[in-house]
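Asker: Take this structure first; my questions come after.
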Amino acid sequence: MTHAVSFQNVTRHFGKTRAVDDVTIDIAQGEFFAMLGPSGSGKTTCLRLIAGFEQPTSGTISIFGEDATGLPPYKRNVNTVFQDYALFPHMTVGENVAYGLMIKGVARADREASAKQALDMVKLSGFDQRRPAQLSGGQRQRVALARALVNEPKVLLLDEPLGALDLKLREQMQEELKHLQRQLGITFVFVTHDQGEALSMADRVAIFNEGKIVQAGPPSEIYERPRSRFVADFVGSSNVMSPEFSKSHGGPEAWVSLRPEKINILTGDQKVVSNQFNAEGRITAIHYQGAMTRVVIDAKGTRLSATLPATSKALAEGQTVRFIWAKDAIVEMEKA
Amino acid sequence: MRGLSDLFYKRPGALTAMLLGPPLAWIGIVYIGSLLALLLQSFYHLDDFSGIIIHEFTLSTYGQLFESSNLQTIGRTVAMAAIVTITSAIIAFPIAYYAARFARGKTKALFYLAVMMPLWSSYLVKVYAWKLILAKEGIITWAAGGLGLGGVLDALLTLPVIGGSSLSFSYIGTFLVFLYIWLPYMILPLQAALERVPKNYIEASADLGATPRQTFRTVILPLALPGVIAGSIFTFSLTLGDYIIPQIVGNSRPFIGQAVYTLQGTAGDIPLAAAFTVVPMLIMGVYLALAKRAGAFDAL
């Protein structure tokens, strides 16, 4: 099967900055693909390269097997949902949604019907006569989505589409986006700096740093088996332990990552079991976070954090505790 | 001082009233008031025999506007203003577009300097300079001759209506000077309007399949329209009211401004002068109403 989007050694320079540095990746058809990374990591530039707003300095990009290098945006069968939606203020919601069809020369009655259908799909029936300025942020987001989807693109590009929404709305939209993607079967390429969003929505996540993809894989793999300290730190929080610390506590002599939720604290009568490692440390801080409590432990200079279910134990700052983790909770990383 | 601050803090309305009062009074009395006085004058009429203004309500002064020579003056002025406006919009658009979209840093400073600098020098000096440029012995005739285009220039000047004995005694000359003098007033609002069109609207349009030409027609132009309208208000109304340029450069047939100048001066016919000045106001009113109906202000 041809890939929906394929990057072959793609590089994009802006002056001396390498915004995208030798990226090679294939995105499968019908995949919900997330590009995750801090700002300036090259993920948005990659999205703009697919849309055609940028052209690669070197390398090739193909969309559904066809070389798209040098092709302007209006000749590509992909559509974008912009970060700030970019709805045209001088048109009604209906005209905004029907814009792509109007450009294609679809007859007025037909395109109005299609626009209505698209608005129904994003639960904005009856909004077609309003102006974008009269809508809330969440509604504008839906209009932007409808405006892109009405063109039946082969690939839908989403540039931090939920960034401007408040938490409740964001969670709701995450669910709806995922549902829409399943329903339509279109390839979604989603750019975000929110790791929770990427993990919960995507089939596959690519982690960007300094213009390169440092790791790509399904969310569980990214989370469970981070290949580098950067990934371990950026995706969820993680305890990164030095080769010395790891070795002296029974682990391999390598940089290892240990997720905070994998650490448990022993109380009075509990014993260390055979497949567990353990260490002693002093509690330096306790942060109550509702459902969870985060405990910061200082183990002879190595700072570790552990998340425990809120009500589990009576702990105090300054207390010395023995804490344990399962042997297989340790993830060996390729580099620091 | 403390007491005053407290007063303004507790009653924000007092501060607003104090700050806005004087300028509002100025606008209300000096601007609107004198305009109303002018409007009132236009409903009086001049007694032809005695040369005395009869202070009685009449529409006969407005009736005089419909005499053929006066209608011609109005028609000639409106036509000139329209052509000047359209031409300056066409010339200004690419300049403003370049300045808004592409010029950065020093280039942008240079743009502002180039557009504004002509406004720093005296209007009269510029108009007289143009008279010399356009004169029969001027640089244009000389350059056209040197380039072997003297025939073209002569052919242009023999055209009916717009021609004349030389550029400085023809409507072509009047038009060129109007265009030169008012062009900055079109460029600046247009540039400001284009500056406010975010780049991602253009990208969104391209993303939805529009070629650059389609994007220009369906996104950029409609969003820049308020700027075009603002600019055209300047170029149109300034041309409608100007009486110096057509007096210095052009033929002897008068524009509205000149008619008003003569009527209120030597002729002493204030009512008819007043009636004449109402014409540009009406035209602008109609123009703005039409622009609004065409949706020119929807993007504001």
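The values are calculated or read from the model by the stated rules, or taken from the named source; none is laboratory data. Since the model is a prediction, treat every value here as computed from it, not as a measurement. All Cβ positions, glycine included, derive from the backbone under ideal geometry; neighbour counts span all protein chains shown. We work out accessible area using only protein heavy atoms, side chains counted, and drop any ligands, DNA or RNA first. Shrake-Rupley method; radii C 1.70, N 1.55, O 1.52, S 1.80 Å.
Asker: Can you pull out the residues in segment A:73-85 that are open to solvent by less than 30 Å² (accessible area, probe 1.4 Å) and either closer than 16 Å to A:PRO153 by Cβ or over 27 Å from the mean Cα position of the chain (by Cα) (or both)?
Answerer: A:PRO73, A:ARG76, A:VAL78, A:ASN79, A:THR80, A:VAL81, A:PHE82
Asker: Given (1) within 14 Å of another protein chain (Cβ to nearest Cβ); (2) under 26 Å from A:LEU135 (Cβ atoms), identify the lone condition not met by A:GLY94.
Answerer: It fails just one condition, (1).
Asker: Given (1) in a helix (DSSP H, G or I); (2) touching a residue at least 60 places away in the same chain (Cβ under 8 Å), where does B:ASN200 come up short, assuming only one miss?
Answerer: Among (1) in a helix (DSSP H, G or I); (2) touching a residue at least 60 places away in the same chain (Cβ under 8 Å), B:ASN200 violates only (2).
Asker: Let me ask something else about it. Does A:GLU176 satisfy being within 14 Å of chain B (Cβ to nearest Cβ) and surrounded by fewer than 18 Cβ atoms within 10 Å (Cβ to Cβ)?
Answerer: Answer is no for this residue.
Asker: Would segment B:219-228 turn up any residue that is in a loop (DSSP other than H, G, I, E, B) and out of contact with any Gly (no Cβ under 6 Å at 6 or more places or on another chain)?
Answerer: No: zero hits.
Asker: Moving on. Being open to solvent by less than 40 Å² (accessible area, probe 1.4 Å), of a type in the set (Asp, Glu), more than 9 Å from chain B (Cβ to nearest Cβ) and within 25 Å of A:PHE64 (Cβ to Cβ) narrows it down to one of A:GLU152, A:GLU160, so name that one.
Answerer: A:GLU160
Matching residues to (1) buried (at least 21 other Cβ atoms within 10 Å of the Cβ); (2) facing chain A (nearest Cβ under 10 Å); (3) not polar (S, T, N, Q):
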residue	(1), (2), (3)
B:TRP182	yes, no, yes
B:ILE187	yes, no, yes
B:ILE229	yes, no, yes
B:SER232	yes, no, no
B:GLY241	no, no, yes
B:ILE245	yes, no, yes
B:GLY265	no, no, yes
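Asker: Would you pick out the residues in segment B:207-224 that are of a type in the set (D, E, K, R), more than 8 Å from chain A (Cβ to nearest Cβ) and closer than 20 Å to A:PRO153 by Cβ?
Answerer: none
Asker: May I ask you to say which residue of B:LEU208, B:LEU156, B:LEU119, B:LEU134 is open to solvent by 50 Å² or more (accessible area, probe 1.4 Å) and over 17 Å from the mean Cα position of the chain (by Cα)?
Answerer: The match here is B:LEU156.
Asker: Take A:MET102 and tell me if it is of a type outside the set (D, E, K, R), more than 29 Å from the chain's Cα centre (by Cα) and closer than 23 Å to A:PRO161 by Cα.
Answerer: no
Asker: Separate question: Would you confirm whether or not segment B:210-217 contains a residue that is touching a strand residue (DSSP E or B) at 6+ places or on another chain (Cβ under 8 Å) and either assigned to a helix (DSSP H, G or I) or without any contact (Cβ under 8 Å) to a residue 24 or more places away in the chain (or both)? Spell out the reasoning first.
Answerer: Quick first cut of segment B:210-217, residues touching a strand residue (DSSP E or B) at 6+ places or on another chain (Cβ under 8 Å) only: none.
No, segment B:210-217 contains no residue that is touching a strand residue (DSSP E or B) at 6+ places or on another chain (Cβ under 8 Å) and either assigned to a helix (DSSP H, G or I) or without any contact (Cβ under 8 Å) to a residue 24 or more places away in the chain (or both).
Asker: Sticking with this one: Please go through segment A:207-231 and pick out each residue that is more than 26 Å from A:THR17 (Cβ to Cβ) and either out of contact with any Gly (no Cβ under 7 Å at 6 or more places or on another chain) or hydrophobic (A, V, I, L, M, F, W, C) (or both).
Answerer: A:GLY217, A:PRO218, A:PRO219, A:SER220, A:GLU221, A:ILE222, A:GLU224, A:ARG225, A:PRO226
Asker: Looking at this structure, is A:THR44 in contact (Cβ under 8 Å) with a residue 40 or more places away in the chain, open to solvent by 10 Å² or more (accessible area, probe 1.4 Å) and more than 14 Å from chain B (Cβ to nearest Cβ)?
Answerer: The answer is no for A:THR44.
Asker: Quick one: in segment A:270-317, which of the residues that are assigned to a strand (DSSP E or B) and of a type in the set (D, E, K, R) is surrounded by the most Cβ atoms within 10 Å (Cβ to Cβ)?
Answerer: The selected residue is A:ARG294.
Asker: Let me ask another. For segment A:1-17, enumerate the residues that are closer than 18 Å to A:ALA206 by Cα, out of contact with any helix residue (DSSP H, G or I) (no Cβ under 6 Å at 6 or more places or on another chain) and not β-branched (Val, Ile, Thr).
Answerer: A:HIS3, A:ALA4, A:SER6, A:PHE7, A:GLN8, A:ASN9
Asker: Among the numbered conditions (1) part of a loop (DSSP other than H, G, I, E, B); (2) within 9 Å of chain B (Cβ to nearest Cβ), tell me where A:THR69 comes up short.
Answerer: (2)
Asker: Is one or more of the residues making up segment A:242-255 open to solvent by less than 30 Å² (accessible area, probe 1.4 Å), over 21 Å from A:ALA316 (Cβ atoms) and in a strand (DSSP E or B)?
Answerer: There is no residue in segment A:242-255 that is open to solvent by less than 30 Å² (accessible area, probe 1.4 Å), over 21 Å from A:ALA316 (Cβ atoms) and in a strand (DSSP E or B).
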